[in-house]
1. Can you pull out the residues in the stretch 262-290 that are among the acidic types (D, E) and within 16 Å of the ligand (Cβ to nearest atom)?
2. I need every pair where a residue in the stretch 127-148 that is in a loop (DSSP other than H, G, I, E, B) has its Cβ under 7 Å from the Cβ of a residue that is more than 15 Å from the ligand (Cβ to nearest atom) and not hydrophobic (A, V, I, L, M, F, W, C), sequence separation at least 6 or different chains.
3. Could you tell me which numbered condition M114 fails, if it satisfies all but one of (1) more than 16 Å from the ligand (Cβ to nearest atom); (2) touching a residue at least 40 places away in the same chain (Cβ under 8 Å)?
4. Picking from I243, I220, which residue would you name as being over 29 Å from W23 (Cα atoms), within 16 Å of the ligand (Cβ to nearest atom) and in contact (Cβ under 8 Å) with a residue 40 or more places away in the chain?
5. Restricting to the stretch 144-194, count the residues that are surrounded by fewer than 17 Cβ atoms within 10 Å (Cβ to Cβ) and either within 16 Å of the ligand (Cβ to nearest atom) or not hydrophobic (A, V, I, L, M, F, W, C) (or both).
6. Could you grab me the full set of residues in the stretch 155-206 that are among the hydroxyl-bearing types (S, T, Y) and either out of contact with any strand residue (DSSP E or B) (no Cβ under 9 Å at 6 or more places or on another chain) or assigned to a strand (DSSP E or B) (or both)?
7. Give the residue, chosen from A59, A73, A105, that is over 29 Å from E260 (Cα atoms), of a type in the set (A, V, I, L, M, F, W, C) and surrounded by 17 or more Cβ atoms within 10 Å (Cβ to Cβ).
8. How many residues are hydrophobic (A, V, I, L, M, F, W, C), surrounded by fewer than 20 Cβ atoms within 10 Å (Cβ to Cβ) and not in a helix (DSSP H, G or I) if we restrict to the stretch 242-284?
Amino acid sequence: MPRWFKRTLFGVLALVLLCAAGWSWLTAPEAPPEVSDYEIPLDEIRRLATSVPGELPVAVRSELVAETSMPRAAIFAGESFEPHPMVHQVFQIVWPDRFLLIDAAFPGEFMESMGASGRYWDASFSRVLEALRRAERIFVTHEHFDHLAGVGAYTPAEGLAGRLKLTTPQLSNTEALAQAKLPDAMIRSLEPLDYDRALAVAPGVVLLEAAGHTPGSQLIYVRTQDGKERLFVGDVAWHGDQIRELHYRPRLVTDFFLGEDRRAVLAEFRTLFDLAREHPEVEIVVSHDEDQRRELIRSGVLIDGIAP
Ligand SMILES: [Zn+2]
């Protein structure tokens, strides 16, 4: 065998091994730490939830705006590339005479820019726009466009001033606000919501800082009059099984597409896993889990559709 051939063969082999190692690093599962430094102080949250005078909300409703899909391997590191369904919903926290919204979904034009095939319901998004008009306040779990772009479509742009409560980290993420196409006039009209760790915003409703998936991610705790407790975790996980099985997204997705703080989200996974075990009465609600949405509607934790 000529020497040049051996050298080439060796080089190709080394390259293949390097690629395989790189691919494995990008796609392999990574276990969360045994002990987390992220805290969900449930006692304090429960106390805060009853610290605001007034009746607790009577229900939480969910409007389904779109269904898309993502390769399973993008959600569960190391699994197959089979398409996995993702729902896109807006939550409505309801009192007899008023309501708050969690997240705002996105206008239909974003389906194309997401490269997403799937289903989109214009009538549902019209109900979201109408709900934005009447909502007492609007909070978002985080500043990604699939949760925020719905407010960008609201007119007039200044019409949400005083009601759209974006936090300081959310408003500081200018790249995300641009992706969500929030008009400058809207951004200028908003007063940033500033809080340290946790904040009660209504009877039964508490925000909890959770930077990681994005700098402005937060969890939203909601307790209704029937005693049901829910913790809306946005996109910390995309499917409930990720928390139950401690199965995080691959580096390929977190580092190259999301720019996620892996260390922070892995710590949140462990804390949510522990919370689910120690307090199964607190329903951990993830935004995009089709199986969970169906089950929560069946069990009455969520009601299907925004109230007219
Ligand atoms: Zn999302």
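1. Within the stretch 262-290, the first condition is being among the acidic types (D, E), and the residues that meet it are 268, 274, 278, 281, 283, 289-290.
Passing the criteria: E268, D289, E290.
2. Pairs found: A135/R163; E136/R98; E136/R163.
3. Single failed check for M114: (1).
4. Numbers: I243 fails: over 29 Å from W23 (Cα atoms).
Of the residues listed, the single one that is over 29 Å from W23 (Cα atoms), within 16 Å of the ligand (Cβ to nearest atom) and in contact (Cβ under 8 Å) with a residue 40 or more places away in the chain is I220.
5. Matching residues across the stretch 144-194 total 15.
6. Restricting attention to the stretch 155-206, the residues satisfying the condition of being among the hydroxyl-bearing types (S, T, Y) are 155, 167-168, 172, 174, 189, 195.
Passing the criteria: T155, T167, S172, T174.
7. On the way: A73 fails: over 29 Å from E260 (Cα atoms); A105 fails: over 29 Å from E260 (Cα atoms).
Selected residue: A59, the only one of A59, A73, A105 that is over 29 Å from E260 (Cα atoms), of a type in the set (A, V, I, L, M, F, W, C) and surrounded by 17 or more Cβ atoms within 10 Å (Cβ to Cβ).
8. Looking only at that region, the number is 1.
Since every read-out is calculated from the coordinates, none of them should be taken as a lab result. Everything quoted here is computed from the prediction, not taken from an experiment. Because the Cβ atoms are built from the backbone with ideal geometry, glycine has one as well, and the counts that use them run over all protein chains shown.
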